Every structure is written in structure tokens, then in C-alpha cells.
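The values are calculated or read from the model by the stated rules, or taken from the named source; none is laboratory data. Keep in mind the model is a prediction, meaning the values are calculated, not measured. A quick note on method: Cβ atoms are made from the backbone with ideal geometry, for glycine too, and the neighbour counts reach across all protein chains shown.
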Amino acid sequence: MLMLHISDIHFKHGEIGFDDDPNRGLRDDLIHDVRHMRARLCSPDIILLSGDIAYHGRKDEYDFAYSWLVNDLCPAAGCAIEDVLSIPGNHDVDLKAEDNPAFEAARRDLRATKAADVDRKLVKWLHDPHSSQILFGPLENYNRHFAAKLLCPIGPYNIKGKDGKVVENVSKPYVRRDVDLNDGWKLRIWGFNSVLVSDLTDDENVNKMLVDPAAAQIERDDGVAHLVMCHHPFNWIKNKAPFQERMEGVVQVQLFGHEHTERVEEHKYFVRVRAGALQPDRDAPNWRPGYNWIEASVVEIEGREKLRVKVWARAHEVDHFTPVFDRNHNEAHDNPLDLPAWQRQRQPARVERREDKMAEASPQAMELPMMVEPEKPVTVRSVATKIFRLREPEQRRLIAQMKLDATGDNELKDYEVAIAAVQRAEERGQLGELDREIDAILADGGR
């Protein structure tokens with residue numbers, strides 16, 4: 001399982017889209033290095049973005065970011081756009097949206113609460129349909145113009161509609177995705193939001209940031225290793241104590257952004273990676289862009305299953321990226337981490353058939369058939385990514401035509417309605433049909 005990890009891209013209004021964008025050459029160096037590392041390691045299974053996609057949380061910054069992913073990074077990596085997972089950072093907060101009395105009151109209230117009590121109060125804010133909208137309002141541009149297209153919008157827990165019934169909200173305060181490792185194991189990737197009360201006064205010294213209390217409640221599961229991604233490191237977070245204790249107890253891989261220095265912290269049970277920034281402020285001290293490749297696989301060492309995590313940290317030098325070596329001057333930081341034991345279900349013994357033996361003995365068995373590129377499977381993520389290429393009226397007409405709408409959709413935002421419709425299509429066995437209908441609209445001139 002190979003991952004490409006990038007943080008703090010900081011696409012900035014006033015720079016992006018211009019020939020004199022000071023980071024155009026830097027991004028070109030990144031694309032060149034991604035192609036180089038892909039040739040060495042192979043294409044990543046997933047691209048992880050740990051926050052600060054934009055700089056001011058503006059629509060044009062997210063439009064540029066998504067276009068860059070589709071047209072530059074994903075093709076260079078050999079990775080599909082639906083295999084990108086993102087969480088927000090403090091620069092993804094819309095500064096205009098946060099400048100209102102309700103959000104200011106929310107920040108004052110939650111930041112003034114004692115660390116021991118803030119989780120209880122935060123749970124009330126996150127579950128209430130009105131107060132939760134205040135907290136997530138400054139992330140609306142991030143959700144609408146970027147994260148929804150990647151099937152990872154950030155929002156409140158399930159909400160109550162006007163009739164008092166619970167509406168299943170497709171957004172949550174965190175994102176989660178399971179990917180397959182080898183030997184029957186899975187890697188469960190969690191992305192937690194640490195910018196619930198972020199503003200221009202964010203300060204490491206007074207621990208003003210808050211993370212969803214669910215981050216401290218990750219459960220063990222047989223055959224599952226955990227990776228957690230959060231923009232702010234622990235030292236920035238007010239309710240960090242239960243979060244950090246849980247991370248160090250049950251989570252094997254921990255990825256952080258925000259602090260623009262690359263660092264790989266290696267422990268017996270977990271590895272912690274601070275990403276560095278792809279596009280740090282050029283007037284910042286020790287300006288040095290960076291990013292990471294991370295490989296996770298299950299290996300057996302001395303009769304014990306371990307999660308082997310290898311990190312290739314890359315840092316920019318003049319016009320190219322170079323390795324950040326470990327203390328023994330190895331290019332890959334190699335960490336075999338203990339995994340919890342679990343009782344596997346035994347696979348039934350394979351019965352050897354006579355025709356199998358004949359095939360093995362036959363010379364023709366060595367002849368390989370012509371390789372045919374398999375069709376890419378239609379998935380919720382691939383269809384959700386595609387449906388956002390349609391204009392909103394086209395989305396709504398198609399959803400109504402296929403009867404993929406439901407009571408309570410009027411309580412959801414338009415992009416949440418689209419995601420919910422794709423999820424219902426999968427549940428009803430209509431995902432392939434929906435995919436074909438979207439293709440037909442696009443071929444007929446839809447966007």
C-alpha cells in the first residue's frame with residue numbers, strides 16, 4: 001500500500017493563474033520528482049492532503065487546486081482523482097465567513113472553556129443543527145468547491161429536519177476510508193478536523209485549536225491497522241490529552257501538517273510524520289518545501305506480524321527534490337511496528353484437481369494470453385467525482401429522473417444531495433446506470 005502525502009500547498013489568490021506565480025517552478029519540480037519516484041516505487045494507491053489546500057479559503061483557490069490535481073498531480077502519480085483524500089487546515093477557513101458575530105461568539109465560548117470540559121461542550125455544538133452550522137460555515141467554500149468533489153466534505157453529525165426526524169447527513173466532522181493491505185489486513189484512514197474555531201489569532205502557545213472528540217474514540221478491530229491525519233500537531237490542540245493518548249495507544253501511523261518542517265518520529269508502536277509544506281511562505285525562516293511517500297505493508301518478523309511503514313521524505317533543493325535521510329543515512333525511514341494479534345478464519349484447503357495437474361504438465365500452460373487492460377470498476381467515489389462535472393440543474397434533473405431523491409434532502413446542501421443520491425444508487429444496484437447517464441449528459445455537452 002503506497003501513499004503520496006502532501007500538505008500546506010497554499011494556493012494563493014493573486015498568484016495562481018499568472019505566469020509570474022512564484023510557485024510555478026516549484027510545482028514543476030514536484031511533478032518531475034513525483035514521476036521520478038513513481039518510476040522507482042510504482043504509482044501510489046492514494047494521495048493524502050493534510051490541509052491548507054488554499055490560502056484564503058476562496059473559491060478560485062479551490063477551483064485552481066482541483067484543476068491542478070486533475071491535470072497535473074494525478075497524471076504524474078498515475079493515480080485517479082477519486083483516490084485523493086483531503087482534510088482542511090487553518091488556511092482553508094474562509095476569513096470573510098468567520099467574521100460574523102455568531103462565529104466570534106462560538107470561538108470565545110469554546111476557547112474560554114477549560115480543557116477538561118471542552119469535549120463535553122463541543123459535543124453539544126457538533127450535534128445541534130443550528131450551532132453546528134455556525135462552526136462549519138467558514139468551511140463552506142472548502143466543502144462546496146473542493147472536498148465534496150473528492151467525497152470527503154466536513155460537516156456536522158446527523159441533523160434533525162423540520163419534522164423532527166433525523167436526516168442522515170453525508171458529511172461528518174471527520175473523513176474515513178478503508179484500503180486493503182496485504183495478508184488480509186486493512187488500513188483504516190481517518191482524517192480529523194482541527195480548525196473548528198480557527199481564525200487569525202490561532203496561537204500554539206495558548207492551545208486554541210480544537211479537534212472533534214471522536215478522534216479520541218477510535219476502536220480496535222481485527223485485521224485493521226489505523227492511520228490518522230490531522231492538520232495541527234498535538235501542541236496546537238487544546239483538547240489534545242485524550243486525542244494523543246488514543247493515538248499512541250491504537251494508531252500506528254500519524255500524519256500532521258501545519259508546521260513547515262519535515263520530521264519523522266519513530267517509536268516502537270507508531271510512527272509520526274510532520275509533513276513539511278509543499279509551498280511554505282517564502283519569507284518564512286528556513287524555507288524548504290517538502291512532501292512524503294509512505295508505504296505500509298504487513299510482514300512477519302520472528303513469528304510476529306508487524307506493520308512495516310517506510311517513509312521517503314523529500315525536500316526541495318534549488319531546482320529538484322532530494323531525500324531526507326534517517327540518522328543512519330538511509331533514504332527510507334523503515335519502521336516495523338507491532339500489530340495486535342487476531343484470530344484469522346482459516347481458509348478451506350484447496351483440492352487439487354486432475355485438470356490442474358494436466359495444465360501444469362502441459363507446455364501450452366506456459367503460453368500467456370494477450371494482456372487486456374481491465375475496465376476500471378464503477379465505484380461510489382468514481383461516480384461521485386463524475387457527477388460534480390454536471391451543472392447543479394443537470395444533477396437535480398438526473399436525480400429526480402432516476403428517483404434517487406428522498407424525503408429530508410431539502411435539509412441537505414446541494415452537494416450533499418448529490419453525494420446522497422450516488423450512495424442510494426449503490427444501495428439499489430443502480431450505480432452503473434447512473435454512471436452511464438452521467439456519461440451521456442457529458443457527451444451531449446454537459447460540463
What's the total number of residues in the range 73-96 that are over 25 Å from residue 378 (Cβ atoms) and either among the acidic types (Asp, Glu) or outside the structural domain of residue 136 (by TED's automatic domain parsing) (or both)? 2
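Residue by residue, here is whether (1) outside the structural domain of residue 63 (by TED's automatic domain parsing); (2) modelled with pLDDT under 90; (3) surrounded by 10 or more Cβ atoms within 10 Å (Cβ to Cβ) holds:
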site: 356; (1), (2), (3): yes, yes, yes
site: 367; (1), (2), (3): yes, yes, no
site: 373; (1), (2), (3): yes, yes, no
site: 418; (1), (2), (3): yes, no, yes
site: 437; (1), (2), (3): yes, no, yes
Name the residues in the range 1-26 that are more than 20 Å from the chain's Cα centre (by Cα) and outside any loop (DSSP other than H, G, I, E, B), would you? 24, 25, 26
Among the candidates 99, 128, which residue alone is in the same structural domain as residue 150 (by TED's automatic domain parsing), at pLDDT below 90, exposed (fewer than 15 other Cβ atoms within 10 Å of the Cβ) and among the acidic types (Asp, Glu)? 99
Residue list for the range 191-222, restricted to those being modelled with pLDDT under 90, loosely packed, with under 13 Cβ neighbours inside 10 Å and not β-branched (Val, Ile, Thr): 200, 203, 205
